[in-house]
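Undergrad: One structure coming up, written as structure tokens, with questions to follow.
The values are calculated or read from the model by the stated rules, or taken from the named source; none is laboratory data. Remember, predicted model here, so these are calculated numbers, not experimental data. FYI the Cβ positions are ideal-geometry reconstructions off the backbone, even for glycines, and counts take in every protein chain you see. With ligands, DNA and RNA removed, areas are computed over all heavy atoms of the protein, side chains included. Shrake-Rupley method; radii C 1.70, N 1.55, O 1.52, S 1.80 Å.
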Amino acid sequence: MHSEAARFNQEGFNANPVVSFVQPCDSFIFGDSTGRSNAADWIRTAYHDMATHNVTDGTGGLDASIRFAEEQARAENVGDGFSNTMDTAGALQVTRYISNADSLALLAVLAIESCGGPEIAFRGGRIDAGQPNAPGVPEPQQEMIGLVACGHTFGGVQHDPFPDIVNVLNDPTDTEDVAHFDSTFVTFDNDVATEYISGTTQNPLVAGFNDTTNSDKRIFGSDGNTTMSSFSASPEIFASTCADLFARMLDTVPSGVQLTDVISPLPVKPSEVNLILAGDIIQLFGLVRLWNMGDDPTRTVTMLWKDHFGGLTSRCATA
Ligand code: HEM
């Protein structure tokens, strides 16, 4: 499967819907526990894989180095969300055309878009690392406020890997003891900002009992709450800022990697085209995907047949 198909063939005939793993948005395929979601794991994994980018020497970035056990064993990558996500990415769509790194970026895009988030520009062409990267490097402060808020509209902090941040919750609707970043933790929206600004937030990295680990509190407040206030005031500004920051996060790749243009859906796309000689008849058959058109059983699609020299010699029509 090519990147265009992996990105856009999410519904309709011949679809290979990866989004079914994040629909509904609270789906979690690893066990029957509650409180976690595939969507949150996919987004966090893309971030942690990218965060090894070293601006100075150009190494690291979104290159799927997080698939190596050595990286997953680091304290900065505690939890099973990364191995879960890599299993899903590899099983779903890695082919000779789609690297593990492209697949990881695509899972994040599809999770965000199908759970209420903005459309994200997706490029292909990421190259898988052959070995683990050096540990992660922080982002510049100003962008950090936005990117952390954009990521932390999903999911939360689990007790198990973070017992110093989250207590056992004893909540039958949250069996993995996840203290969520906002009250709408399986969908993209600006509640992470409105609840923070209104002082009602239960975000365990803002209002946690352990101030040392209240990293969101320090980051969100680091510009006097200017950024978070603007996110709180406008869901549109939050969505458009996040669309830009997520795309830039996913496009942070090791130097030398050449990404493609943004992949947009082809309006008319033939696939599985076959030309066979049956007796003395040449038969042409295959599939044609028409983008964004409703079902119409009376629609006629006209295919033009060009000869070897590019000239039109005949035409055929199929319904
Ligand atoms: C200083 C920066 C950051 C810190 C200290 C931080 C810290 C954390 C911690 C401690 C967790 C809990 C993980 C768990 O319990 O499994 C978490 C979860 C999460 N983080 Fe961050 N984070 C940061 C930045 C980001 C960014 C930039 C993104 C994405 C753009 C992001 C996306 C997520 C998501 C989606 C989850 C939820 C995972 C889940 O519920 O399974 N984080 N973060």
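Undergrad: Can you pull out the chymotrypsin sites (Phe, Trp or Tyr not before Pro) in region 231-319 that DSSP calls coil and that have at most 11 other Cβ atoms within 10 Å? The partial results should precede the final answer.
TA: Working: sites: Phe231, Phe238, Phe246, Phe285, Trp291, Trp305, Phe309; in loops: Trp291, Phe309.
The qualifying sites are Phe309.
Undergrad: Mind checking the full-extension length gain between Asp164 and Asn225? Use 0.36 nm per residue of separation minus the Cα-Cα distance, one decimal, nm. Write out the running numbers ahead of the final one.
TA: Values: separation 61, 0.36 × 61 = 21.96 nm, distance 2.63 nm.
The Asp164-Asn225 span can extend by a further 19.3 nm.
Undergrad: With the full set of protein chains in place, find how many percent of the accessible area of region 268-318 is carbon and sulfur; take the probe as 1.4 Å. Walk me through the numbers before you get to the answer.
TA: Details: 2530 of 4360 Å².
Reported share for carbon and sulfur atoms: 58 percent.
Undergrad: Would you please state which residues of region 4-43 a label at Ser183 would reach in this model, taking the label point 7 Å out along Cα→Cβ and a backbone N cut-off of under 20 Å?
TA: So the set is 25-26, 35-36.
Undergrad: Another question, if that's okay. Let me know the shape class of region 3-250, please: from the alpha-carbon gyration tensor, a ≥ b ≥ c as square roots of the eigenvalues, rounded when a/c is under 1.5, otherwise prolate if a/b is greater than b/c, or oblate. Write out the running numbers ahead of the final one.
TA: Numbers: a/c = 1.35, a/b = 1.30, b/c = 1.03.
Rounded is the answer for region 3-250, as its axis ratio a/c remains below 1.5.
Undergrad: Can I ask one more? Just to confirm, what accessible area per residue do you get for region 1-64 at 1.4 Å probe, in whole Å²? The partial results should precede the final answer.
TA: Working: 2660 Å² over 64 residues.
For region 1-64, the solvent-accessible area averages 42 Å² per residue.
Undergrad: On the accessible surface of region 3-250, probed at 1.4 Å, how many percent belong to carbon and sulfur atoms?
TA: Values: 5600 of 10420 Å².
Looking at region 3-250 in its full context, I get 54 percent from C and S.
Undergrad: Just to confirm, what accessible area per residue do you get for region 149-287 at 1.4 Å probe, in whole Å²?
TA: Values: 7190 Å² over 139 residues.
Averaged over the residues of region 149-287, the accessible area is 52 Å².
Undergrad: Taking the Cα centre of region 180-319 as origin, sum charge times position over the Cβ atoms of Lys and Arg (+1) and Asp and Glu (-1), and report the length of that vector in debye to the nearest 20. Provide the component values of the computation, followed by the final result.
TA: On the way: 8 positive and 16 negative charges, 102 e Å.
Taking the Cα centre of region 180-319 as origin, the dipole is about 480 debye.
Undergrad: Give me the percent of Cα-Cα pairs in region 268-318 that sit more than 15 Å apart, rounded to a whole number.
TA: Counting every Cα pair in region 268-318, those more than 15 Å apart make up 60 percent.
Undergrad: Can you give the charge dipole size of region 215-292 about its Cα centre, rounded to the nearest 20 debye, using +1 on the beta carbon of Lys and Arg and -1 on the beta carbon of Asp and Glu? Write down the numbers at each step before the final one.
TA: On the way: 5 positive and 8 negative charges, 35 e Å.
About 160 debye.
Undergrad: For the chain, what does -39500 (n - 2.57) per DSSP helix run (n ≥ 4), summed and divided by total residues, give at 222 nm, in deg cm²/dmol to the nearest 500? Show your work: numbers first, answer last.
TA: Values: 10 runs with 100 residues, N = 319.
One gets -9000 deg cm²/dmol as the mean residue ellipticity at 222 nm.
Undergrad: On to the next question. Return a whole-number percent for the relative contact order of the chain, with Cα pairs under 8 Å and 6 or more residues apart as the contact set.
TA: Numbers: 552 pairs, mean separation 56.8, N = 319.
After rounding, I find 18 percent.
Undergrad: Pick from Asp171, Asp244, Asp160: which residue has the top mean-square fluctuation in a GNM of the chain where Cα pairs under 10 Å get a spring?
TA: Top of the fluctuation ranking is Asp171.
Undergrad: At most 10 other Cβ atoms within 10 Å and a DSSP loop assignment: could you name the trypsin sites (Lys or Arg not before Pro) in region 49-119 that fit?
TA: Numbers: sites: Arg67, Arg74, Arg96; in loops: Arg74, Arg96.
Within region 49-119, the qualifying trypsin sites (Lys or Arg not before Pro) (loop, at most 10 other Cβ atoms within 10 Å) are Arg96.
Undergrad: Calculate the FRET efficiency for Leu304 and Gln258 from the Cβ-Cβ distance with a Förster distance of 30 Å, rounded to the nearest 0.05.
TA: Numbers: r = 34 Å, r/R0 = 1.15.
My answer for the efficiency is 0.30.
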